[in-house]
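K.L.:
Handing you this structure, nothing more for now.
The values are calculated or read from the model by the stated rules, or taken from the named source; none is laboratory data. Only a predicted model underlies this, so the values are computations on that prediction, with no experimental measurement involved. Backbone-built Cβ (ideal geometry, glycine too); neighbour counts: all protein chains shown.
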Amino acid sequence: IIAISRGGLVPAAIIARELDIHLVDTICISSYDWKDKKGEAEILKTIDGDGQGFVLIDDLVDTGRTAHLVREILPKAHFATVYAKPAGRPLVDTFITEVSQDTWILFPWDTESQFVTPIADGRER
C-alpha cells in the first residue's frame, strides 16, 4: 500500500489493517496549504518503480492535479480514493463515493468543531 501523504494516511492505515498488510509506504506531494489553496505541486518524497503491484490510497480526488502527477510517477499502481469529484474521477481506478465538484468534505482526522491553526504554523522557520 502506498498512501498519498497526508490525506491518504488514515484511509491507508484502515485498509492495511483490514487486509493484514504490514508495509505501508508514502508518496508525499504538497499541492497547497490550508491558507492558500493554489500553487505548484511539489514532490517531497517519491517511490521507486512504476507502481506495479501496489495500491495507491488517497482520501479524495478533487481537480485531479495531484492524481495526475501521481499517475505520471506510478502509472501501473491501482489508484483508490474514498471520495471522487467529477474533475478527477477519470484518474482513479476505484472510489467509494462520488460527490459534486463543489462539495467540501470535512474528514474527522482533519477537523475540529472550531478551526485550530496547526502547531507547526506558529513556529519560526
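K.L.:
Is there a residue in region 6-27 that is of a type outside the set (Val, Ile, Thr), touching a Lys or Arg at 6+ places or on another chain (Cβ under 6 Å) and on the phi < 0 side of the Ramachandran plot?
P.N.:
Looking through region 6-27, none of the residues is of a type outside the set (Val, Ile, Thr), touching a Lys or Arg at 6+ places or on another chain (Cβ under 6 Å) and on the phi < 0 side of the Ramachandran plot.
K.L.:
Filter region 86-125 down to residues that are outside any helix (DSSP H, G or I), loosely packed, with under 10 Cβ neighbours inside 10 Å and among the aliphatic types (A, V, I, L, M), then give me how many there are.
P.N.:
Within region 86-125, residues that are outside any helix (DSSP H, G or I), loosely packed, with under 10 Cβ neighbours inside 10 Å and among the aliphatic types (A, V, I, L, M) number 2.
K.L.:
Let me ask something additional. Can you tell me which residues in region 64-85 are surrounded by 14 or more Cβ atoms within 10 Å (Cβ to Cβ), part of a loop (DSSP other than H, G, I, E, B) and not aliphatic (A, V, I, L, M)?
P.N.:
Residues satisfying the conditions are 64, 85.
K.L.:
Within region 44-55, does at least one residue satisfy the condition of being within 14 Å of the chain's Cα centre (by Cα) and aliphatic (A, V, I, L, M)? Explain how you work it out, then say what you get.
P.N.:
Filtering region 44-55 for residues within 14 Å of the chain's Cα centre (by Cα) gives 44-46, 55.
Narrowing the set further to residues that are aliphatic (A, V, I, L, M) leaves 44, 55.
Checked against the condition, which is being within 14 Å of the chain's Cα centre (by Cα) and aliphatic (A, V, I, L, M), region 44-55 yields at least one hit.
K.L.:
Hey, another quick one. Failed condition for residue 94, given (1) within 13 Å of the chain's Cα centre (by Cα); (2) within 22 Å of residue 106 (Cα to Cα), with all others met?
P.N.:
Residue 94 satisfies every listed condition except (1).
K.L.:
Check region 34-54 and report whether any residue there is within 17 Å of residue 105 (Cβ to Cβ), exposed (fewer than 14 other Cβ atoms within 10 Å of the Cβ) and in contact with a helix residue (DSSP H, G or I) (Cβ under 9 Å, 6 or more places away or on another chain).
P.N.:
The answer is yes, given that some residue of region 34-54 is within 17 Å of residue 105 (Cβ to Cβ), exposed (fewer than 14 other Cβ atoms within 10 Å of the Cβ) and in contact with a helix residue (DSSP H, G or I) (Cβ under 9 Å, 6 or more places away or on another chain).
K.L.:
Ok, one more. Suppose we filter region 24-46 for residues that are of a type in the set (A, V, I, L, M) and modelled with pLDDT under 95; how many remain?
P.N.:
Just the residues of region 24-46 that are of a type in the set (A, V, I, L, M), to begin with: 24, 27, 29, 41, 43-44.
Going one step further and asking which of them are modelled with pLDDT under 95, we end up with 29, 41, 43-44.
Matching residues across region 24-46 total 4.
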